[in-house]
Amino acid sequence: MKSSVEHLNPTRVKLTVEVPFSELDPQFDAAYKAMAGQVNIPGFRKGKVPPKILESRIGRGAILSEVVNDAIPTKYGEAVEANNLTPLGQPDIEVTKLEDKVTLEFTAEVDVRPEITLPAINEITVTVDDISITDDDVEEQVTALRERFAANRPVERAAADGDLISIDLRAAVDGAEIADASADDLSYTVGTGDLVEGIDEAVTGLSAGDSTTFTTKLVAGEYDGQDADVTVTVKKVSERELPEVDDEFAQLASEFDNVDEMRADLRERITRVRKMSQGADARDKVLEALVAITEIPVPSMVLEAEIEARAHDAVHSFDHNEEALTAHIESEGKTREEFDEEIREASVEAVKTQLLLDKLAEVTEVGVSQEEFTQRILYNAQRFGLSPDEYFQRLQEANQLGSIFADVRRGKALAVAVSQATITDASGNALDIDELFGVEDVEDERDDESGVEVDEDGIVTVDADTETDTADAADSEADENTSLDKS
């Protein structure tokens, strides 16, 4: 077999492959065997029909078609390997010559991973904000703890901000009550604004037994976007009673014997969370700097696939209703054209980032162990609220196991880059990379596997025994659902 490569542009090639018929014997044998098992010819057992008899009955053309369809994927793969190419996506193949008993020729156009020259990473310098912990930060955590252990005491007065109330709701559109928007005995904290728009203004000043009606816009269901008249009846008003901050409270709310020890521990935990945030900022800035100073050609077909995937995800949230998506975009003060351009820009950045990290992983020769791969599976399964077995099965069905492997590998490559760059805070102090990435990545200070958590009440908790690889703090940059991995 002979093959040659024509570079159409920095990210796309055209392979020309010539295969002599002498190399197609395995494909002919397979084709004869398959055909012999499909036809019944008098005088021959099924599957034992000689090739010459088969050709006379079904035609040489049918045999050649079977052989070509079987040979091209194999020969394409051999040509890719022989020319040291890294394809991205499926090739466009065209048979250019088929001379029976002589030669098969075909071309294959495909996007390939471009050549990327990495900059001197040790010359990259980024600056992140200083970490500042104030007494107010600590007191905020103390207050959150008090809120967690607060008692609700029924009161005979009008509802005010912060009170817990029990209410009945009735919603109607054009006088017809909507069952899905009505409820009894709802518990609601006045001032949170997380129930129905306008509810806080309506219930403030109402006492137990009082009712009022207000108008609001429904945001879900059959009447989404329509105005509804909502009648709210207050059944009970309770006042939140916060415990005193004393040693008894410290023993109740923490493992410490006195308030000073509790506050010192909270300060330390806040510091650790801020350091993780500082580390994530450093990681993002190193990656941003790398992408900015590196010339990275973007394969057009890969880019279009990424844009299509992101656009699909966007409209999927609106039951694939393009008009609903457009209306939502316009409600946020954007045009559909601006939204589409944002998707394109984000897609370009995502493809460039993955190409860069893949090159970095190749140069640094980072690998992924079975343990690291398993840890990522477990982490993602927990993140998506699935059992590890169910998540793994879904990945298999979607042919996405390779994307998880690539995800971890890119993360480890980025961790190498971060360790080689110079990172300082705004005061000019060089930062300890190991200290910054001592735990799993924290995004928006939500619960994760790091051992550091900030719960819904704002309470910081840290498992001091938790340690994870620097790569885990970095690999969230590589999205497992991007086009490079799908191909």
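Laboratory data are not the source of any read-out in this text; all were calculated from the coordinates shown. Since the model is a prediction, treat every value here as computed from it, not as a measurement. Cβ sites come from the backbone with ideal geometry, for glycine too, and all protein chains shown count toward neighbours.
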Quickly work out the Ala62-to-Lys33 label distance, labels modelled 7 Å from Cα along the C-beta direction, and quote it in nm with one decimal. 2.0 nm
Backbone HN-Hα couplings from phi across the range 395-411 [Karplus 6.51/-1.76/1.60, Hz, Gly and Pro as x]: 4, 4, 4, 8, 6, 10, 4, x, 5, 5, 4, 5, 4, 5, 5, 5, x
Quarter of the Cα convex hull surface for the range 151-241, i.e. its orientation-mean projected area (nm²): 5.4 nm²
What list of ³J(HN,Hα) values in whole Hz, one per residue of the range 125-130 in order, does the Karplus curve 6.51 cos²θ - 1.76 cosθ + 1.60 (θ = phi - 60°) give from phi, with Gly and Pro shown as x? 10, 10, 10, 10, 5, 5
Using 0.36 nm per residue, how much length does the chain from Gln90 to Thr271 gain when fully extended, once their Cα-Cα distance is taken away? 60.3 nm
Find how much the distance from Arg383 to Ala430 grows on full extension, using 0.36 nm per residue of separation minus their present alpha carbon separation; answer in nm with one decimal. 13.6 nm
Taking a spot 7 Å from the Cα of Thr231 along the direction of its beta carbon, which residues of the range 192-219 have an amide N less than 15 Å from it? 209-215
Starting from the eigenvalues of the Cα gyration tensor, five times each then square-rooted, give me the equivalent ellipsoid semi-axes of the range 319-373, largest first, whole Å. 38, 15, 7
Taking K and R as +1 and D and E as -1, what net charge do the other residues with C-beta under 10 Å from the C-beta of Leu218 add up to? -4
Using a simple charge model, +1 on the beta-carbon of Lys and Arg, -1 on the beta-carbon of Asp and Glu, nothing else, what dipole does the chain show about its Cα centre, in debye to the nearest 20? 3840 debye
The extension gain from Arg157 to Glu390, computed as 0.36 nm times the residue separation minus the Cα-Cα distance, is 78.7 nm
Enclosed volume per residue, in Å³, of the convex hull spanned by Cα atoms of the range 277-353: 119 Å³
The chain - percent relative contact order, Cα under 8 Å, separation 6 or more: 15 percent
For the pairs Lys275/Lys359; Lys14/Lys75; Lys14/Lys352; Lys285/Lys352; Lys285/Lys334, note any where the Cα-Cα span goes beyond 18 Å. Lys275/Lys359; Lys14/Lys352; Lys285/Lys334
Need one number: nm distance between label points at Ser207 and Glu18, each 7 Å from Cα along Cα→Cβ, rounded to one decimal. 10.0 nm
Please give the peptides 91-101, 195-205 ranked by average Cβ packing (other Cβ atoms within 10 Å per residue), highest first, as a rough proxy for protection. 195-205, 91-101
Give a quick list of GluC sites (Glu not before Pro) in the range 230-275 that DSSP marks as loop, anything other than H, G, I, E or B, with at most 13 other Cβ atoms within 10 Å. Glu244, Glu255
Tell me the angle of helix 370-383 to the major Cα principal axis of the chain, expressed in degrees between 0 and 90 and rounded to the nearest ten. 50 degrees
Estimated FRET transfer efficiency when R0 is 56 angstrom, pair Asp246-Ala172 (beta carbons, to 0.05): 0.65
Provide Met35, Met276 in ascending order of the number of other Cβ atoms located within 10 Å of each residue's Cβ, fewest first. Met35, Met276
Charge dipole (the chain, unit charges on Cβ, about Cα centre) - positive-most of Ser369, Val418, Ile131: Ser369
How large is Rg over Rh for the chain, taking Rg from the Cα atoms and Rh as the Kirkwood inverse mean of 1/r across Cα pairs? 1.11
Could I have the simple spin-label model distance between Arg148 and Glu330, label points 7 Å from Cα toward Cβ, reported in nm to one decimal? 4.7 nm
For the range 182-285, take every pair of Cα atoms, bin their distances at 5 Å starting from 0, and report each bin as a whole percent. 2, 10, 12, 13, 8, 8, 9, 12, 13, 10, 3, 0
Return the long-range amide H neighbours of Ile178 (sequence gap of 5 or more, or a different chain), with a cut-off of under 5 Å between placed amide H atoms. Ala171, Ala172, Val173
Given a Förster radius of 35 Å and the C-beta distance between Asp25 and Glu115 as r, what FRET efficiency does 1/(1 + (r/R0)^6) yield to the nearest 0.05? 0.40
